[in-house]
1. For Ile47, only one of the following conditions fails: (1) β-branched (Val, Ile, Thr); (2) loosely packed, with under 10 Cβ neighbours inside 10 Å; (3) more than 30 Å from Val7 (Cα to Cα). What is its number?
2. So the check is Cβ under 6 Å with 6+ separation or different chains; which pairs have a first residue in segment 50-61 that's among the β-branched types (Val, Ile, Thr) and a second one that's outside any loop (DSSP other than H, G, I, E, B)?
3. Looking only at residues in segment 1-18 that are outside any loop (DSSP other than H, G, I, E, B) and at pLDDT 85 or above, which one is nearest to Lys52 (Cα to Cα)?
4. Is one or more of the residues making up segment 30-43 at pLDDT below 90, in a loop (DSSP other than H, G, I, E, B), open to solvent by less than 100 Å² (accessible area, probe 1.4 Å) and out of contact with any His (no Cβ under 6 Å at 6 or more places or on another chain)?
5. If I ask for residues that are in a loop (DSSP other than H, G, I, E, B) and either within 20 Å of Asp14 (Cα to Cα) or touching a Pro at 6+ places or on another chain (Cβ under 8 Å) (or both), which ones from segment 48-66 would you list?
Amino acid sequence: STGESPVAVETLDDVPEHVLRGLPEDVRLFPSAVDKTRLGVWATKSILKGKKFGPFVGDKKKRSQV
């Protein structure tokens with residue numbers, strides 16, 4: 001044993017159902033390219049500049065809070 005505690009890895013089971021239901025058709029959650037312990041948002045095809053999707057469901061956070 002190295003004495004290090006295991007790193008928790010975020011999975012789809014950790015994502016609230018309303019988040020999964022609210023994802024646009026061409027957007028998926030997969031392991032993050034930045035942090036392998038977290039999920040990231042991935043597009044399955046190009047998203048045109050200015051494309052809007054929603055509605056947003058959840059608590060809005062300031063950039064400094066995330």
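The values are calculated or read from the model by the stated rules, or taken from the named source; none is laboratory data. Note that the structure is predicted; figures quoted are calculated from it, not measured. Don't worry about glycine lacking a Cβ; one is built from the backbone with ideal geometry, like all the others, and counts go over all protein chains shown. Side chains are part of the model used for accessible areas, which takes the heavy atoms of the whole protein and leaves out ligands, DNA and RNA. Shrake-Rupley method; radii C 1.70, N 1.55, O 1.52, S 1.80 Å.
1. Tallying (1) β-branched (Val, Ile, Thr); (2) loosely packed, with under 10 Cβ neighbours inside 10 Å; (3) more than 30 Å from Val7 (Cα to Cα), Ile47 fails exactly one: (2).
2. Val57/His18; Val57/Gly22
3. Per the stated criteria, the residue is Glu17.
4. Among the residues of segment 30-43, not one is at pLDDT below 90, in a loop (DSSP other than H, G, I, E, B), open to solvent by less than 100 Å² (accessible area, probe 1.4 Å) and out of contact with any His (no Cβ under 6 Å at 6 or more places or on another chain), which makes the answer no.
5. Phe53, Phe56, Val57, Gly58, Asp59, Lys60, Lys61, Val66
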